[in-house]
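The values are calculated or read from the model by the stated rules, or taken from the named source; none is laboratory data. Model, not experiment: these values are computed from the prediction. Cβ coordinates were reconstructed from backbone atoms using ideal geometry, including for glycine residues, and neighbour counts include every protein chain displayed.
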Amino acid sequence: MLNRCETIGRIVGLGLDKDDGCVRITNGSAFTLMYGSEESHDQMQAFCLRMESRLREQGRSLQDLTRGEFLRLASECSQSRD
């Protein structure tokens, strides 16, 4: 069983390339994204939605993943464009 300090509860994305004056904030069930240009914010959002979709397919949540499982899934989702 994982202890509380070893679980991943939420993905937080912070875009640092915002220069158009827009404030972009997106909340999902397991993520919060803030700022960034329209393009980078869209990319972060697509990544998080792929993560949520894959977890849903597996019947799991972020809290169910070990650190290694999270890193593998994140790597797969960052390379995937489905």
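Within the bounds of region 25-35, is there any residue that is assigned to a loop (DSSP other than H, G, I, E, B), within 22 Å of SER75 (Cβ to Cβ) and modelled with pLDDT of 95 or more? Within region 25-35, none of the residues are assigned to a loop (DSSP other than H, G, I, E, B), within 22 Å of SER75 (Cβ to Cβ) and modelled with pLDDT of 95 or more.
Suppose we keep only residues that are surrounded by 14 or more Cβ atoms within 10 Å (Cβ to Cβ) and over 19 Å from ARG67 (Cα atoms) within region 10-31. Which one would you say is nearest to the chain's Cα centre (by Cα)? Quick ask: steps written out before the conclusion?
Here is the first cut: in region 10-31, the residues surrounded by 14 or more Cβ atoms within 10 Å (Cβ to Cβ) are 11, 13, 15, 18, 24, 26, 28, 30-31.
Filter once more, so that each one left must be over 19 Å from ARG67 (Cα atoms): 15, 18, 24, 26, 28.
Values: GLY15: 13, LYS18: 19, ARG24: 15, THR26: 11, GLY28: 9 Å.
So, considering only residues that are surrounded by 14 or more Cβ atoms within 10 Å (Cβ to Cβ) and over 19 Å from ARG67 (Cα atoms), the one nearest to the chain's Cα centre (by Cα) is GLY28.
Taking GLU69 as the residue in question, decide whether it is among the charged types (D, E, K, R) and surrounded by 11 or more Cβ atoms within 10 Å (Cβ to Cβ). Against the criterion (among the charged types (D, E, K, R) and surrounded by 11 or more Cβ atoms within 10 Å (Cβ to Cβ)), GLU69 qualifies. Filtered by the rule that a residue be in contact (Cβ under 8 Å) with a residue 12 or more places away in the chain and closer than 13 Å to ILE11 by Cβ, region 57-71 gives SER61, LEU62, GLN63, LEU65, PHE70.
Residues that are hydrophobic (A, V, I, L, M, F, W, C) and in contact with a Phe, Trp or Tyr (Cβ under 9 Å, 6 or more places away or on another chain) within region 48-82 comprise CYS48, LEU49, MET51, LEU62, ALA74, CYS77, listed in sequence order.
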